[in-house]
Each structure stands twice: as structure tokens, then as C-alpha cells.
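Structure first, commentary second.
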Amino acid sequence: MSEPAKTRPVVPEGKSRFLVTRQKPANEKGFVGYETIWESFQKEADYQTPKRP
């Protein structure tokens, strides 16, 4: 019988509205991790000091 492959298949980059997921390369133990990148949900407005009465 043949030995199963020890390498993991490459997963395509996952994209959604606020999130991007990428596969990391395998480490020395063969563990494959995933990198998650979040995009901001809100826009930040510059703060302006209110006028004095």
C-alpha cells in the first residue's frame, strides 16, 4: 500500500466583506496555520474641537 502524502494541499485565499484568510506555510511539525486579516468596519472621522460659546 502506498503511504499517504505528508504535505497539505494549498488552499486558495478566502475573501469576504471584512475578512481575508490566507494559508501559512507548514512548520517543522507539519502544522499548517491560517492568517486572518480584518478590515475596519467603521471609518474614523477627525476630531474637531467645538466652538466656544
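List of remarks:
- For the chain, the residue among Ser16, Ser40, Gly30 whose Cα projects farthest onto the positive side of the dipole built from Cβ charges is Ser40.
- 15 Å beta-carbon shell around Lys24, net charge (K/R +1, D/E -1): 0
- Tyr34 paired with Lys15, simple spin-label distance in nm, labels 7 Å along Cα-to-beta-carbon: 1.7
- Taking Cβ atoms as reference points and 11 Å as the exclusive limit, the residues near Glu13 contribute a net charge of +1, counting Lys and Arg as +1 and Asp and Glu as -1.
- Computed over protein heavy atoms with a 1.4 Å probe, the carbon and sulfur contribution to the accessible area of the chain reaches 53%.
- Option label - Rg and Dmax of the Cα atoms in Å computed here, alternatives [x] 13.1, 44; [y] 21.7, 70; [z] 21.9, 86: [z]
- Solvent exposure of segment 7-53, expressed per residue, is 109 Å² of accessible area, with all protein chains present and a 1.4 angstrom probe.
- Per-peptide average of other Cβ atoms within 10 Å, ordering 36-42, 20-26, 46-52, 8-14 highest first: 20-26, 8-14, 36-42, 46-52
The values are calculated or read from the model by the stated rules, or taken from the named source; none is laboratory data. Just so it is clear, the structure is predicted and the values come from calculations on it, not from any experiment. Reconstructed Cβ throughout: ideal geometry from the backbone, glycine too, with neighbour counts over all protein chains shown. The accessibility values were calculated without ligands, DNA or RNA, using every heavy atom of the protein model including side chains. Shrake-Rupley method; radii C 1.70, N 1.55, O 1.52, S 1.80 Å.
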